[in-house]
Each structure stands twice: as structure tokens, then as C-alpha cells.
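Worksheet: the structure to be examined is printed underneath.
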Amino acid sequence: MAKRIVARDVSAYYGAFRAIEGVSLTIEPKSITALIGPSGCGKSTFLRTLNRMHEVIAGARVEGQVLLDDEDLYGEGVDATAVRRTVGMVFQRPNPFPTMSIYDNVAAGLKLNGVKGKQRLDEAVERSLRGANLWTEVKDRLGKPGAGLSGGQQQRLCIARAIAVEPQVLLMDEPCSALDPISTLAIEDLMTELKDRYTIVIVTHNMQQAARVSDTTGFFTIDGPGQPGRLVEIDATEKIFSNPSEKRTEDYITGRFG
Amino acid sequence: MTGTGTLHRTPRGRALKDTTFTVLTWGAFVVALIPLVSVVSLVVQKGSKRFDADFLLHSMRGIGPRDTGGGAYHAIIGTLEQVGLASLIAIPVGLLAAVYVVEHGRGPLVPLVRFVTDVMTGVPSIVAGLFVFTFWVLALGQGFSGFAAAIALAILMLPTVVRTTEVVLGLVPDSLREASLALGVPRWKTVVRVVLPTALSGITTGVVLAIARVTGETAPLLLTALNFDSINTNPFSGQQAGLPSYVFAQAGQPQASAVNRAWAGALTLLLLVLLLNLVARLIARRTRLKG
């Protein structure tokens, strides 16, 4: 199920502004890859190129190749909506659909993509909520609005919603930055569990979090304002945090800048 | 508490300002209420003289200038049909235009749509009536009808529907659109199943306001449906009464009985709009998930 991602020379633009330049990296299946770096260095932009969400913004475009196993996501005739079903995403702020119940939120991806049949949906909802460690907390109030949950629960609801469509890769854009430490811990535990089935890429500002959960860490930075973000290095998390190859990485993780 | 620290002292100037502005806001509130209360109470008081089943269920057919009977049944039917048809035209077109501008619009067509709706907002209702009169009634030879009135009313409704829908759609957070798109939901389905339901109560309010506004329009009716003293249930052929034109015609007559009919007609109009408001709010509430 989980797939390998290979990015080749990926650059992303907002209109004429180049946000990231020449990023090449490989993300191994069934692992957690963390992307760290200072604000505005293009980590989130890069993440959004991996499921073609970058181009949703007016004037935004991508150059280069992103291979999912052997298929180029930016190849001719590739359907962006199909890509997004294969590569799921969890956002910085929990964003459950306010008009939908907990059940409908989880089933949204399936329902909106034409999946019918109560039994099939029921199974998918339960499986996804269990997968997101939320089932026991909400199983008695599936008909209540998703927006009525706490922030941490909402974020796990969003994770359940993302995994309900059975993606092969899960992208997480600072999923814990709006959460308290206990909810953060719940999400981190969840990521470790999900790693058995999915390829996970997480953008985080929290270096301890990157060190705790990820197998591989990539460090992005920018040379200055208006400059495009670049990938400085990517390596095993242990190596990045103990003995990085690049001086800039060391400066960043030891808190000397950024 | 010792009460000696600076924390305990409210500066005299600030307390004075606070009182002044509290009085001013309350004053403004009361001033704004005066016209509303006086209009409603006057209409209820004068309109209730003739507001009964007899009035609601009879037309003006065969009622002479000196007769005291007669009612607005034909005008109620006319108004319901005209406003109903106008809504059928203006609401879908208005919603689609707003969705286009907010959700899909790229390129020069968006400012054009905005400009045109802005200009349309300023079109006096009589001009809309004249337009339908010259274009539909005369040039196309369609003749006077309730439908001609509906076209004029639709023209007046359209900018309100587009504008309010545009504003409400703009309030739907982008994060919801992104959440839906990231699930692999196509853009059109995102709009139909996520964005529009989220904005529904706001859109309903805007649409009801637009309907309420045109329900009381008189000028366009006089040029398109004329007026009529009998029941005409077919809005597509022949002149048809409407409540505003009914009130206008009755109020213009010298007899007390006609003036009373005019007040009762005004009361009917007021209640109709109120009813419409309640129904729309009910719909909006029912479709929204309860917490």
C-alpha cells in the first residue's frame, strides 16, 4: 500500500516568485520523514507539491518531477483529484466540515467521491476512527457535529477523514502546532502506528517532535528574504540531530539561527 | 482591598466618555426604532378594519366605487405568482454568478460581472419596468402579463442575490475548500457539497431580503402586469393584479372604503413578507446541523 516518493529537481512558484528551488529527495515507504527549517523556507510549499495542492492557489505552478513509485504526478494526463486521493493531507489547523456530523466528516471523502452503501460506509468510518484513535471517544455521538469536538479530537477526526479514502501517503502540515502537549502526544503516537501502513511526511517547527517521531529528517532553509527555499540536507534523523554533514543544519538544530 | 493603588481609580474623563457613548448608542437605537414601530403600528391599526376572511378570499370583480365589500384575493395570487416566478429566475442565475465570481473566476470576466451587478443595484425599479415594457411587452409583442412583471422583479432581485451570496461565500474559510480538495473531491463537488451548505444560512438570508425587497415593488408592476380587478391565475397571459399595485390603485380613490382596502392590502403585504422571512429561517435552521 505505502509508496515511495522521489522528487526530482522540484521548483514551485507563486506567480513570478520562486518559493522553492531544485528540491530532490527520496522518501521511503512505511517511514516518517520530517521536514524542518525556519519559517518561510518552503517546507509547506514543498509538501503541497507532493499531492498537487500547491496549484490550487491562483497563479501557483510547479516544475520538476514527483514520482510516486514510478508514476510522475505531474505527467501528462494525470488527474490531480486522483493524485489527492492517493496522497492524503492533514492541515495545520483542524478543519472539520462544520455542516457535517462526525460520521459524515469521516465519510466525506468516500461519499463525495461517489461511494455508496451504508454498510460499506459504516465499516470505513469505524475503521478510520479506530485508526485515528478516536473511536472510543466518539462512537456514541457519531451524529453530533464534528466542530463540537476539542481541538485535539478535531485533528484526529481530520486524520480519520484523510485515511478513510485509503491513501498510500499521508502528508501532515504542522499537524500539532495548534494543539496542547497531550493532544500532540496522541497524534505522535498515532503517527508511529500509521507508519506501518502509510508513507508519512510531516512538516514541523518543533525539532523535538521531528527527533521523536521521524526516521528521516530533511532540513530546508532560505539564504535571505525573497530568495527561494532549498533543501540543505536530508538524512537519518539520528544523524541530522547528532552529526549533520552541513554546518547550516548544525547551526539550526543547535539554535544558533532560525 | 486597600483601594489606594492606581488600579482602583477610574479616570473621570473615561467614565464620562463611557456614559456619553452609552447614551448616544441607546439614543440611536431608539431613533432607528421610531419609524419601524410607527409604520408597523399604523398599518396594523388602519389595516385591521378590513383585514378579514372576506377581504382575503374575494376579488374586486363587480365592486363599484361606492361598494364597501371586495378584497385582495386576486392581488395575493398575482403577487405570489409574480414573486415566485421572479425568484425562479433570479435565484439560480444569481447563485451561479456568485459561485463563478468567488469559486472559479479568473480573468477579465470577474470584474465585469462585479461591475454589472454594481450598476444593476442602482437601477431604479421603474427603469426595470420600462425595460421589460419596451422589450418584452412591446418589441417582442408578448403583451402585459404577470410573467412580464416577474422578469422586471427578477432584474431587481438579481444584484442583491449575487452580492450577498458573493459576500457569504467569501466568508467560507479556504481551509474547508482545501480539506475537500485534498480528499480528491473535484472542485465543482467541493462547491456544491461543502462550500454552499456551509454558506447556506447566509445565502438564505440574502435571498429572503431580495425577495422581500421586490415583493413591495409597485412601479414595475404598473408597466408590466398593469392591474386587474378579477382573478387571473395564469401569470403568462393577460393583465394581473399584485398587492402593491392593488394598494396603489385603492389608495388613489376618494372613498373611505377604498382607502380602508388599501390599508388592509398593505397589512397583507407586510404579513406576507414576514411569513416569507419565517419560512426561510426555518429552512435554514433545519438544514443546519444542530449542536
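The values are calculated or read from the model by the stated rules, or taken from the named source; none is laboratory data. The shown structure was predicted, so the numbers you read here are calculated from the model rather than taken from an experiment. Don't worry about glycine lacking a Cβ; one is built from the backbone with ideal geometry, like all the others, and counts go over all protein chains shown.
Restricting segment A:22-79 to residues that are of a type in the set (A, V, I, L, M) and in a loop (DSSP other than H, G, I, E, B) leaves a set whose member that is modelled with the lowest pLDDT is A:ALA58.
Answer yes or no: is there a residue in segment B:107-124 that is within 28 Å of B:THR233 (Cβ to Cβ) and outside any helix (DSSP H, G or I). No.
The criterion of at least 1 residues that are surrounded by 10 or more Cβ atoms within 10 Å (Cβ to Cβ) and free of Cβ contacts under 8 Å to residues at least 12 places away in the same chain is met, among helices (runs of 4 or more DSSP H) falling completely within segment B:1-103, by B:12-47, B:73-99. Filtering segment A:1-21 to residues that are in a strand (DSSP E or B), surrounded by 16 or more Cβ atoms within 10 Å (Cβ to Cβ) and not aliphatic (A, V, I, L, M) leaves A:SER11, A:TYR13, A:ARG18, A:GLU21. Filtering B:ALA241, B:ALA225, B:ALA264 for residues that are in contact (Cβ under 8 Å) with a residue 12 or more places away in the chain, crowded, with 17+ Cβ neighbours inside 10 Å, aliphatic (A, V, I, L, M) and touching a Lys or Arg at 6+ places or on another chain (Cβ under 6 Å) leaves a single hit, B:ALA264. Could we say that B:SER175 is among the polar types (S, T, N, Q), assigned to a helix (DSSP H, G or I) and more than 9 Å from chain A (Cβ to nearest Cβ) here? Spelling it out, it is not the case that B:SER175 is among the polar types (S, T, N, Q), assigned to a helix (DSSP H, G or I) and more than 9 Å from chain A (Cβ to nearest Cβ). Among the residues of segment A:178-206, those identified as farther than 18 Å from A:ILE27 by Cα, away from chain B (no Cβ under 14 Å) and assigned to a loop (DSSP other than H, G, I, E, B) are A:LEU179, A:ASP180, A:HIS205, A:ASN206. So, of the residues in segment A:29-66 that are among the charged types (D, E, K, R) and within 14 Å of chain B (Cβ to nearest Cβ), which turns out to be farthest from A:ARG212 (Cα to Cα)? Per the stated criteria, the residue is A:ARG61. State which residue is nearest to the other protein chains (Cβ to nearest Cβ) when the search covers only segment A:94-111 and only residues that are over 28 Å from A:LEU73 (Cβ atoms) and part of a helix (DSSP H, G or I). Filtering first and then ranking leaves A:ASP104. Confirm whether B:GLY184 is on the phi > 0 side of the Ramachandran plot, without any contact (Cβ under 8 Å) to a residue 60 or more places away in the chain and in contact with a helix residue (DSSP H, G or I) (Cβ under 6 Å, 6 or more places away or on another chain). In short, yes. Of the residues making up segment A:85-93, none is at pLDDT 90 or above and more than 9 Å from chain B (Cβ to nearest Cβ).
Counting residues that are farther than 21 Å from A:ILE182 by Cβ and either within 12 Å of chain B (Cβ to nearest Cβ) or in contact with a His (Cβ under 7 Å, 6 or more places away or on another chain) (or both), which helices (runs of 4 or more DSSP H) fully inside segment A:112-170 reach at least 2? In segment A:112-170, A:151-164 are the helices (runs of 4 or more DSSP H) which contain 2 or more residues that are farther than 21 Å from A:ILE182 by Cβ and either within 12 Å of chain B (Cβ to nearest Cβ) or in contact with a His (Cβ under 7 Å, 6 or more places away or on another chain) (or both).
Yes or no, residue by residue, for (1) at pLDDT 95 or above; (2) away from every other protein chain (no Cβ under 14 Å):
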{"residue": "B:SER145", "(1), (2)": "no, yes"}
{"residue": "B:ALA154", "(1), (2)": "yes, yes"}
{"residue": "B:GLU166", "(1), (2)": "no, yes"}
{"residue": "B:TRP188", "(1), (2)": "no, no"}
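Residue count for segment A:67-77, restricted to those that are within 14 Å of chain B (Cβ to nearest Cβ) and loosely packed, with under 15 Cβ neighbours inside 10 Å: 0. Out of B:ALA212, B:ALA258, B:ALA199, B:ALA249, one residue alone is under 30 Å from A:ASN95 (Cβ atoms) and either part of a helix (DSSP H, G or I) or more than 13 Å from chain A (Cβ to nearest Cβ) (or both). It is B:ALA199.
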